[in-house]
1. Going by what's in this entry, would R95 be described as out of contact with any Lys or Arg (no Cβ under 6 Å at 6 or more places or on another chain) and farther than 20 Å from L195 by Cα?
2. Within the range 91-132, work out how many residues are out of contact with any Pro (no Cβ under 9 Å at 6 or more places or on another chain), surrounded by fewer than 17 Cβ atoms within 10 Å (Cβ to Cβ) and assigned to a loop (DSSP other than H, G, I, E, B).
3. If a residue has to be closer than 30 Å to R192 by Cβ, among the aliphatic types (A, V, I, L, M) and assigned to a loop (DSSP other than H, G, I, E, B) to count, how many in the range 1-39 make the cut?
4. Please go through the range 19-43 and pick out each residue that is over 26 Å from S187 (Cβ atoms) and under 20 Å from the mean Cα position of the chain (by Cα).
5. Of the residues that sit in the range 38-54 and are of a type in the set (S, T, Y) and farther than 24 Å from R174 by Cα, which one is surrounded by the most Cβ atoms within 10 Å (Cβ to Cβ)?
6. Looking at this structure, is F172 among the aromatic types (F, W, Y), under 14 Å from the mean Cα position of the chain (by Cα) and in a strand (DSSP E or B)?
7. I'd like to check something: does the range 101-117 contain any residue that is at pLDDT 95 or above and over 28 Å from M4 (Cα atoms)?
8. Anything in the range 151-169 that is at pLDDT 95 or above and either more than 29 Å from P10 (Cβ to Cβ) or of a type in the set (S, T, N, Q) (or both)? List them, or say none.
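The values are calculated or read from the model by the stated rules, or taken from the named source; none is laboratory data. Predicted model, so just to flag it, every value in this text is computed and none were measured. When we count neighbours, we look across all protein chains shown, and the Cβ atoms used for this are built from the backbone with ideal geometry, even at glycine.
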Amino acid sequence: MGRMIDLTGPIYNGVWDYNCIDMGGAILPPIQVESIATIPVNGYDAHAYRLTSLSGTYLETAAHLVPGGLTVDQVPVENFMRPARVMHLPHAGPRAWISARDLEPCDPRLQAEEALLIDTGWGVRWDQPGYVTESPHFDRSALDWLLAQPFSILGLDTPCADQNGEVLTPLFSRGMLMVAPVINLGSIQSQRGTLMAFPLRIQGVCATPCRAVFIEGD
């Protein structure tokens, strides 16, 4: 087995959330991790969590934006593990627009049903101010390029791939899964490997936090 790289951003009290941008009137409660039992007092350790479908690094299905799309529990479990290829783009600055011109030189020559991981360099900002509000976006030309690729999972290190679902909705409509936002893509040394991203098995939801891992090698 090749080297394993953890792509999962840490979850903790005070970590970023999406309430700093327009969520269509919805308010996502902030992440909370609370100790509810300790070994000295109770004889065992336990915590209570408050998370949303868009907390930390999450796996998302078409149901996020497409009416009638599959929910997490309806996706076959084997779909969460795929051969994967990595694109290392020139690092994008705050509010940068990523276009097909940026993607084309890094074309990894995907095979059908592989996962595509796009490294923009933004993952290093996980715990920095502006992580969400300053995130790079993909423009319409990038969407056209992505629609021509045969991937089954799209992995991104940006928390906001587009504005108002303009890029993601057409991709979800064709049945893709998305893993985002991820970290540590820049530490991957091999262009090819295996992506594993297993969500919690919660019925009827479009996304859950997941543990995403990349294994280098064919």
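1. Against the criterion (out of contact with any Lys or Arg (no Cβ under 6 Å at 6 or more places or on another chain) and farther than 20 Å from L195 by Cα), R95 qualifies.
2. Going through the range 91-132 one residue at a time, the tally reaches 6.
3. 3
4. Across the range 19-43, the qualifying residues are N19, C20, I21, D22, M23, L28, P29, P30.
5. For the range 38-54, the residue satisfying everything is T52.
6. Against the criterion (among the aromatic types (F, W, Y), under 14 Å from the mean Cα position of the chain (by Cα) and in a strand (DSSP E or B)), F172 does not qualify.
7. Yes: the range 101-117 contains one or more residues that are at pLDDT 95 or above and over 28 Å from M4 (Cα atoms).
8. S152, T158
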